[in-house]
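Have a look at the structure below, then the notes.
The values are calculated or read from the model by the stated rules, or taken from the named source; none is laboratory data. The structure presented is a predicted model; accordingly, all values stated were derived computationally and were not measured. Note that each Cβ is placed from the backbone with ideal geometry, even for glycine, and that neighbours are counted across all protein chains shown. For accessibility, only protein heavy atoms count, side chains too; no ligands or nucleic acids. Shrake-Rupley method; radii C 1.70, N 1.55, O 1.52, S 1.80 Å.
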Amino acid sequence: MTSHGNRELITVAHPAALAATAAEHLLACTAANSGRIAICLTGGSSPKRLYHLLATEPYRSRIPWQRVHWFIGDERFVPADDPLNNMGMARSAFLDRLAPASNIHPIPTATADPAGSAALYEQELRSFYGADTLDPAKPLFDLVLMGVGPDGHTASLFPDGPALDEQARWVVGVPRAHVAPFVPRVTLTLPTLASCRQMLFEVSGRDKRAILTRLFAGENLPANRARSIGETVWLVDREALPENFGGQ
């Protein structure tokens, strides 16, 4: 692990190593907490390999399934059984087979609009947390998984979007996505995502090299504004790493 700016950077050889390293981070977070554990998942393509890996040995037997609660950082405003649904992907990959149903906390999308969905999920998060104000001494999540879009967005926090500056609400509706799929979204806000012991970005593939070059140069993009109150780690494979990057 190397330090680059305000982030810790781990580089790995290929996507399989990235998924295995992410799984070990997840297991370390669960091992560090002897009580109730909260993990915030991410959607998109980056975590798929990780999610399938968690359903296999030796990982599945090392997860205290009865104590782990699974949330999601953002959701596409589509039905729960739609192929575009982020939590649906995680459920089919591993959650429905291994996690107690009561420990799975999807963002509800059977509402009139994304704002209504956001209000319901915020209420659920506040109830789980046991307070209406986030306390830096008591993180909401043990681990928050994150990805990076081609425009530098993370979760469904898009460049220049009003959701980026939200400080009071925990969850907001996003009426219009800036990248495909062009469906409305629901997203946790930056303060909510920051309330974690560790934030772990997973970035893989040559198609992410251009945006990582911009991010590592310090451009003011959403993924650069996402920071844990604890530890922020970027896990990047060699194909995604900018050329001539000195952090290897």
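Structure notes:
- Carbon-plus-sulfur accessible fraction, the chain (probe radius 1.4 Å, protein heavy atoms only): 51%.
- Two-decimal ratio, the chain, of alpha-carbon radius of gyration to 2.2 N^0.38 Å: 0.94
- Segment 197-212 - phi-based ³J(HN,Hα) in whole Hz, Karplus 6.51/-1.76/1.60, Gly and Pro as x: 6, 8, 10, 10, 8, 10, 9, 9, x, 4, 5, 9, 5, 5, 6, 5
- Value of [θ]222 nm, deg cm²/dmol, for the chain, DSSP H segments ≥ 4, -39500 (n - 2.57) each, nearest 500: -7000 deg cm²/dmol
- Karplus (6.51, -1.76, 1.60) ³J(HN,Hα), θ = phi - 60°, over segment 85-91, in Hz, Gly and Pro reported as x: 5, 5, 5, x, 5, 5, 5
- Over every Cα atom in segment 94-147, the radius of gyration and the widest Cα-Cα span, Dmax, amount to 13.2, 36 Å.
- Residue-normalised accessible area of segment 40-85, expressed per residue, 1.4 Å probe, Å²: 46
- Overall form of segment 40-139: oblate. Here a/c, set by the Cα gyration tensor axes a ≥ b ≥ c, is 1.5 or more, and a/b is not larger than b/c.
- Projecting the Cα atoms of 103, 59, 177 onto the dipole axis of the chain, where Lys and Arg carry +1 and Asp and Glu carry -1 at the beta carbon, places 59 farthest toward the positive end.
- Surface analysis of segment 126-188 yields an accessible area of 43 Å² per residue, using protein heavy atoms and a 1.4 Å probe.
- With both labels modelled 7 Å from their Cα along Cα-to-Cβ, the residue 217 to residue 135 distance reads 4.4 nm.
- When every Cα-Cα distance of segment 107-248 is counted in 5 angstrom steps from zero, the calculated P(r) takes the values 2, 10, 18, 21, 20, 15, 9, 5, 2, 0 percent.
- Cα coordinate range in segment 179-228, projected on the principal axes (Å, largest first): 30, 28, 20
- Ellipsoid equivalent to segment 121-176 - semi-axes via the Cα gyration tensor, in Å: 23, 14, 10
- Label-point separation in nm, residue 98 to residue 165, each point 7 Å along Cα→Cβ: 4.2
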